Amino acid sequence: MILIAFAFLAGIVTILSPCILPVLPLVLGGTAGQGRLRPWGIVAGFIGSFTLFTLTLSSLVQTLNLPPDLLRWVAAGLVAVFGIVLVVPQFKDAFLALATRLVSRSAPAPVGFPAAASRWGGLVPGLLLGFSLGVVWTPCVGPIMASVISLSLTQTVTSDSVLITLAYACGTAVPLLAILLGGRRLLQRFPFLVKSSGAVQRVFGGLMLLTAVALLTGADRQVQVWVLTTFPQYGTGLTALEDQSVVREELAKLEPTRASTPVAQPLSLASGAWINSPPLSLDGLKGKVVLLDFWTYSCVNCVRTLPYLRAWYEKYKGEGLVIVGVHSPEFAFERSEANVRQAVKDLGVTWPVVQDNAFGIWNAYQNKFWPSHYLYGRDGELLETHSGEGGYAETEALIVRALGLRPTAGASPASMGTVAGAISVSSGPLTPETYLGYARGARFASPQDVAADSEAQYSLPTTLATDEWALAGRWTIGSEASTATKGARLLLHFQGQRVYLVLRPVPGEAAHITVKIGGRPANGGDVHDGVLTLDKDRLYQVVDQTDSGEGLLELEMAGQVAVYAFTFG
């Protein structure tokens with residue numbers, strides 16, 4: 001109830017957010033149409049579409065394999081239709097007649113727009129316009145809605161999430177309805193505006209057409225950048241309402257409850273495509289020792305566990321060990337079956353792998369981390385669960401015991417957990433994992449305000465603290481990644497021996513990056529003579545030092561490339 005109340009209040013003040021300025025012409029255009037129920041239709045359509053698509057858009061895009069901007073294009077098309085209807089009187093009359101028929105099919109086509117038309121004719125257009133508004137409404141959300149949205153990305157949509165999002169939408173609808181009703185009354189109060197109602201409607205129709213063009217071309221995002229650059233303090237205090245200790249405590253409870261003992265009963269592993277194997281289930285693997293490993297191919301921590309998994313699989317598969325890799329993707333490009341198949345080949349993964357793009361297996365296990373594994377005995381009993389790296393000796397000892405084998409003579413737990421060629425984690429301080437998109441980004445040192453999904457010019461700060469990163473040149477900062485243009489640079493003040501970076505080259509662009517450490521060309525890992533050559537969407541090693549320490553890493557892009565996340569070792 002606390003989060004619902006604060007979400008409602010946050011929705012009310014969101015009308016002042018600089019991020020919604022580009023779509024305000026849609027709201028103003030809503031005051032110019034005919035029909036008493038038009039404002040209420042707009043509000044109802046807005047609440048419904050904003051709530052629905054905030055919670056389900058990610059799932060819809062992934063399940064139906066739709067372009068992420070498809071709904072935005074549809075909304076822009078609807079806005080353009082409404083703009084044309086207001087500008088061209090003949091279209092307005094025909095559209096109002098059609099809308100009235102949709103509301104009451106038994107009624108004859110209105111002639112001269114009688115009472116039924118004025119009463120109901122604005123409802124359907126209002127609903128459609130409100131639907132469009134809900135799709136393109138992207139306020140600078142505070143921590144409450146940000147938490148709900150991040151949870152919805154992993155399909156963790158609960159009744160709490162629905163109620164909080166609905167409360168936020170209803171709060172936003174309050175000032176919207178006030179603008180719509182107040183604008184209509186204002187237009188009716190002045191006689192010269194009433195006499196010139198046709199011209200007023202055409203003006204608003206023109207504004208809506210301009211908005212539609214802006215939505216289709218991305219110019220609305222440029223407006224956001226201009227507003228935030230010109231007025232850097234505008235809107236900075238809007239989310240302070242939610243920055244309360246009681247709100248933070250309740251947000252922590254939004255995270256799905258994690259059982260102290262993970263799921264121990266056999267579960268179906270039916271999910272997406274299977275690689276290296278036909279579909280399997282834990283029930284069907286009774287009598288085997290099963291290691292279920294949650295991983296994703298661009299996660300360096302997962303990659304570092306693979307030599308151990310490979311060694312165990314080769315050593316014990318003949319004795320009854322089955323490893324099943326559950327590939328639950330962290331980034332959008334990791335959902336591609338072709339990408340996963342290539343990564344499995346490149347990384348030498350020979351055991352069965354199932355794609356868990358919908359996070360069905362992940363959620364069933366209440367899993368939270370990459371990597372994590374669950375070890376089952378021959379009778380299906382859960383023997384061990386482990387998250388993160390390490391604990392290899394203990395896991396191998398359990399595998400040997402579950403298989404009913406005797407440890408090799410003279411083998412100790414320490415030697416059992418040793419694998420030739422495994423990558424060790426450096427000692428000493430390490431920079432935390434660093435995401436380069438606005439959804440999970442941290443320690444961003446560039447001074448400009450970040451406008452979501454908008455291209456902007458960035459300049460380097462005068463100083464860069466340890467673990468901070470900064471941008472220079474033209475970048476577009478998206479939810480998951482930041483995308484550079486030619487000549488753009490990225491600087492990172494890191495701690496560690498090795499630095500890894502998830503990169504996605506843009507097809508048709510120059511596929512290399514100049515890499516420097518402390519102003520000198522880097523050499524090591526995937527970098528040769530200061531040049532990193534990009535071949536696919538994957539994790540690249542950009543620093544490989546002999547010792548752990550601090551360094552200033554500089555990347556200069558030869559073309560468009562998306563940068564996702566740094567990890568360190």
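The values are calculated or read from the model by the stated rules, or taken from the named source; none is laboratory data. These numbers come from a predicted model, not from an experiment. Using ideal geometry, Cβ is built from the backbone for each residue, glycine included, and neighbour counts are taken over all protein chains shown. When the accessible area is computed, the model is the full protein with side chains, heavy atoms only, and any ligands, DNA or RNA have been set aside. Shrake-Rupley method; radii C 1.70, N 1.55, O 1.52, S 1.80 Å.
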Check your understanding: When you count, for each residue, the other Cβ atoms within 10 Å and take the mean per peptide, how do 342-350, 328-336 rank with the highest first?
Key -> 328-336, 342-350
Exercise for review: Over segment 426-547, average the accessible area per residue using a 1.4 Å probe and give it in Å², no decimals.
Suggested key: 45
**Study point:** Largest to smallest accessible area among His386, His373, His528, His512 [probe 1.4 Å]
**Key:** His528, His512, His386, His373
Exercise for review: Would you pull out the residues with amide H under 5 Å of Gly551's amide H, same chain only if 5 or more places away, H placed 1.01 Å from N?
Suggested key: Phe494
Check your understanding: Of the peptides 532-541, 483-492, 281-290, how do they stack up when ordered by the mean number of other Cβ atoms within 10 Å, highest first?
Key -> 483-492, 532-541, 281-290
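Ratio of segment 289-384's C-alpha Rg to 2.2 N^0.38 Å, to two decimals?
Numbers: Rg = 12.9 Å, N = 96, 2.2 N^0.38 = 12.5 Å.
Segment 289-384 yields a ratio of 1.04.
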Study note, to complete from the structure: For 169-176, 553-560, 124-131, ranked highest to lowest by mean beta-carbon neighbours within 10 Å, the order is 124-131, 169-176, 553-560
Review point. Tally Lys and Arg at +1 and Asp and Glu at -1 over the other residues with C-beta under 12 Å from the C-beta of Glu556: what net charge comes out?
Key: +2
